[in-house]
1. Please go through (1) among the hydrophobic types (A, V, I, L, M, F, W, C); (2) within 21 Å of the chain's Cα centre (by Cα); (3) not in a helix (DSSP H, G or I) for residue 42 and return the number of the only condition it doesn't satisfy.
2. Looking only at the range 7-44, how many residues end up being among the β-branched types (Val, Ile, Thr) and in contact with a helix residue (DSSP H, G or I) (Cβ under 9 Å, 6 or more places away or on another chain)?
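Just so you know, all these numbers are worked out from the coordinates, no wet-lab data involved. The structure displayed is predicted, hence computed values, not measured ones. Don't worry about glycine lacking a Cβ; one is built from the backbone with ideal geometry, like all the others, and counts go over all protein chains shown.
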Amino acid sequence: MAGGIFNSTYYGKDYRAGAALLRARRPYLFKNAATGLGLCVFTIGVYAYTIRAVGQDEFSDVQIPDTPRAPQPKQQ
């Protein structure tokens with residue numbers, strides 16, 4: 001028994017979706033598009049919130065030394 005894409009009734013010889021595949025996918029088109037849009041909006045919202053939260057930090061409480069410390073000799 002030969003397997004593969006050409007034995008499927010959902011795809012034609014040119015690898016395009018057939019009418020049966022389009023009919024099978026039709027009920028899920030709106031739900032999948034709404035879910036994808038919701039995920040994109042959520043991801044962009046989390047990214048924007050994170051950038052805004054990190055951007056408010058001024059690091060004014062961090063003390064920067066004037067000169068770097070000399071390296072300490074290794075003890076054996």
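1. Checking residue 42 against (1) among the hydrophobic types (A, V, I, L, M, F, W, C); (2) within 21 Å of the chain's Cα centre (by Cα); (3) not in a helix (DSSP H, G or I), the one that fails is (3).
2. 1
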